[in-house]
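**Student:** Questions regarding the structure given below will be posed in turn.
Just so it is clear, none of the values below were taken in a lab; they were calculated from the coordinates. On a predicted model such as this, the values are computed, not experimentally measured, just so you know. A quick note on method: Cβ atoms are made from the backbone with ideal geometry, for glycine too, and the neighbour counts reach across all protein chains shown.
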Amino acid sequence: MKDMRLAIALLGTGVHRAQQARNRRICATAARIGSHPPSSTTCGLVRFLIRDAHRVGRPAVRTGPPVVT
C-alpha cells in the first residue's frame with residue numbers, strides 16, 4: 001500500500017516517467033505525505049508502478065489483418 005500511495009502522489013505532482021522518480025524524489029514525497037522513508041526496494045517498486053501506469057490505456061498493437069465485425 002505504501003508504494004501505491006507514493007506512486008499516486010508522484011503522478012499527482014507531474015512525475016509520469018520512471019526515470020524522473022529517483023530515490024531522493026521518492027523519499028521527499030514520502031516525507032511530504034507523512035510516510036516513513038521508503039527502502040530502496042520500495043523505491044524500485046514505485047518506479048515499476050509508475051512505468052506500468054504509463055502503459056494503462058494504451059491500445060493493444062494488432063499484428064494481423066483487420067477484424068471485420
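**Student:** Restricting everything to alpha-carbon atoms, can you work out Rg to Rh for the range 2-55 with a Kirkwood hydrodynamic radius?
**Tutor:** Details: Rg = 9.5 Å, Rh = 10.5 Å.
My calculation of the ratio gives 0.90.
**Student:** Then there's this: Under 5 Å between amide H atoms, partner at least 5 residues away or on a different chain: which partners does ALA21 have, H built in plane at 1.01 Å?
**Tutor:** For ALA21, whose amide H was placed from the backbone, there are no distant partners under 5 Å.
**Student:** So how far apart, in nm, are the two label points at MET1 and THR41 if each is 7 Å from Cα heading toward Cβ?
**Tutor:** For MET1 paired with THR41, the spin-label model returns 1.9 nm.
**Student:** Can you tell me, using C-alpha contacts under 8 Å and at least 6 residues apart, the relative contact order of the range 2-55 as a whole percent?
**Tutor:** Values: 46 pairs, mean separation 26.5, N = 54.
Reported relative contact order: 49 percent.
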